[in-house]
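Asker: Sending over a structure as structure tokens; questions will come in a sec.
The values are calculated or read from the model by the stated rules, or taken from the named source; none is laboratory data. In this text the structure is predicted, and so the values were computed from the model without any measurement. Here Cβ is always computed from backbone atoms with ideal geometry, including for glycine, and neighbour counts include all displayed protein chains. Just the protein is used for accessible areas: all its heavy atoms, side chains included, with ligands, DNA and RNA removed. Shrake-Rupley method; radii C 1.70, N 1.55, O 1.52, S 1.80 Å.
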Amino acid sequence: MTLLLASQSLKIMKNISLDITKAEQFLKTNAVAAYESKVKAAQASLENGTCPGNDFLGWLHLPSSITDAFLNDIQTVANTLRSKCEVIVVAGIGGSYLGARAVIEALGNSFAWLVNDKRNPTILFAGNNIGEDYLFELTEYLKGKKFGVINISKSGTTTETALTFRLLKKQCEAQRGKAEAKDVIVAVTDAKKGAARICADKEGYKSFVIPDNVGGRFSVLTPVGLLPIACAGFDVKELVKGAQTMEKACAADVPFAENPAAQYAAVRNALYEEAGKKIEIVVNFQPKLHFFAEWWKQLYGESEGKEGKGIFPAACDFTTDLHSMGQWIQEGERSIFETVISIERPEKTLLFPHDDENLDGLNFLEGKRVNDVNKMAELGTQLAHVDGGVPNIKVSVPQLNAFYIGQLIYFFEIACGISGNLLGVNPFNQPGVEAYKKNMFALLNKPGYEAESKAIRERLA
């Protein structure tokens, strides 16, 4: 089954499309259609707010609620940072940075860090690890540079981000002076409470609010993602427009057979429950989508991996990983299926040249676009993997631009909400993430963790 997703209003454009025919062939006849009533109930529970985690449904109609005035405010602050900074460091972890990085990497120059582009500041990401060498090298790189910071944290106490922000705040103030630093440090945090909110109010930073009812992994269309994306020079209005279009295409009143999110949720759950496919590999043949896959991995892994359930989300960059993971995918345990994000047309053109000696034997490709070769690699891989017993879902994207990335973001978000409800878990919490934090704080003898510290010391004795 091939489904057309959404067309852009007022423009004649080819639509994004979803093809599940090479996944359906691994299921019983009409297996996907049999999920219709379950999917409709799952999506209705989102719309009615009756599902588990219903206090975190603010993302559901977020695109259509975003106003031009709000986006203009985002752009104004971004323009200030862009005019005053050579480098902007985005401090955040998980959903507080992955969405922004996914979009920036997808739309940007692959060698931006080497290109001395005076039009756009360099965007760096930190606060997502506790690597001492990484942080030392970051602070060394920033010495003598006019840099600013976007601190993204609802609480302001997440260890990785708080540690990084403390370092960056002090360095920025030392290099630029406290008064100037105030104008290039922005907080994206809770409206009223938390360490980051207290700091922002005390220091007089410009701030944006993370809505209480939007979890981190669903927050890319809030200031969490929109501000860094705007700072990088990309069109956040087009991004939001794409998401708005997809919100309509995936609405609860759209017939099941025409609703791409419903179809995707249904086929992946059918493969999981009825065909024993426990691992989903998101695949791209476009290196720019590497961090989009990282965002997708968090979205689905953190939403569905609970109560001993859930499809394991993995990702591969093809053709690169065909030379490492290709063997396992082709002939390993048949517990996997693939979802391929396929970009139909690249932005640039590069032709294969002629070589008189032809030692590599590639003159037969002379004059062809590199993308023509890539597309044949994609098709050949799909055929080989399907023949090898790997169900294949394909999401085709006409171009890699802000509008279509906005579509993809909302498509995967709404499908994730439906899919989590089909699975019978709360897609919007992450209790398992807290386990390592509790142990880490106990090992660090954080005040308030005395009992846990004692228990761990006895365990390790």
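Asker: Farther than 22 Å from T320 by Cβ, surrounded by fewer than 24 Cβ atoms within 10 Å (Cβ to Cβ) and either of a type in the set (A, V, I, L, M) or not assigned by the TED database to the domain that holds S45 (or both): which single residue out of V254, V267 fits that description?
Answerer: Exactly one residue qualifies, and that residue is V254.
Asker: Pairs only if they're at least six apart or on different chains, beta carbon under 8 angstrom, first in segment 412-433 and aromatic (F, W, Y), second crowded, with 23+ Cβ neighbours inside 10 Å and outside any helix (DSSP H, G or I); list them, first residue then second.
Answerer: Between residues of segment 412-433 that are aromatic (F, W, Y) and residues that are crowded, with 23+ Cβ neighbours inside 10 Å and outside any helix (DSSP H, G or I), the close pairs are F428/G215.
Asker: Kindly indicate whether any position in segment 101-116 is of a type in the set (V, I, T), open to solvent by less than 50 Å² (accessible area, probe 1.4 Å), at pLDDT 95 or above and not in a loop (DSSP other than H, G, I, E, B).
Answerer: Yes: segment 101-116 contains one or more residues that are of a type in the set (V, I, T), open to solvent by less than 50 Å² (accessible area, probe 1.4 Å), at pLDDT 95 or above and not in a loop (DSSP other than H, G, I, E, B).
Asker: Restricting to segment 336-392, what's the tally of residues that are assigned to a loop (DSSP other than H, G, I, E, B) and more than 17 Å from K288 (Cα to Cα)?
Answerer: 18
Asker: For segment 295-329, how many residues meet the condition of being over 23 Å from N269 (Cβ atoms) and in contact with a helix residue (DSSP H, G or I) (Cβ under 7 Å, 6 or more places away or on another chain)?
Answerer: Within segment 295-329, residues that are over 23 Å from N269 (Cβ atoms) and in contact with a helix residue (DSSP H, G or I) (Cβ under 7 Å, 6 or more places away or on another chain) number 4.
Asker: Is one or more of the residues making up segment 39-46 touching a helix residue (DSSP H, G or I) at 6+ places or on another chain (Cβ under 8 Å), in a helix (DSSP H, G or I) and in the same structural domain as K182 (by the TED database)?
Answerer: No, that holds for no residue.
Asker: Counting only residues that are in a helix (DSSP H, G or I), in contact (Cβ under 8 Å) with a residue 12 or more places away in the chain and either among the basic types (K, R) or open to solvent by less than 50 Å² (accessible area, probe 1.4 Å) (or both), how many does segment 295-321 have?
Answerer: So the answer is 10.
Asker: Still on this structure, I have one more. List the number of the failed condition for F292; all other conditions in (1) more than 12 Å from the chain's Cα centre (by Cα); (2) in a helix (DSSP H, G or I); (3) crowded, with 21+ Cβ neighbours inside 10 Å hold.
Answerer: (1)
Asker: Could you please let me know if L422 is in a helix (DSSP H, G or I) and either in contact with a Lys or Arg (Cβ under 7 Å, 6 or more places away or on another chain) or among the basic types (K, R) (or both)?
Answerer: Yes; evaluated as a whole, the condition is true for this residue.
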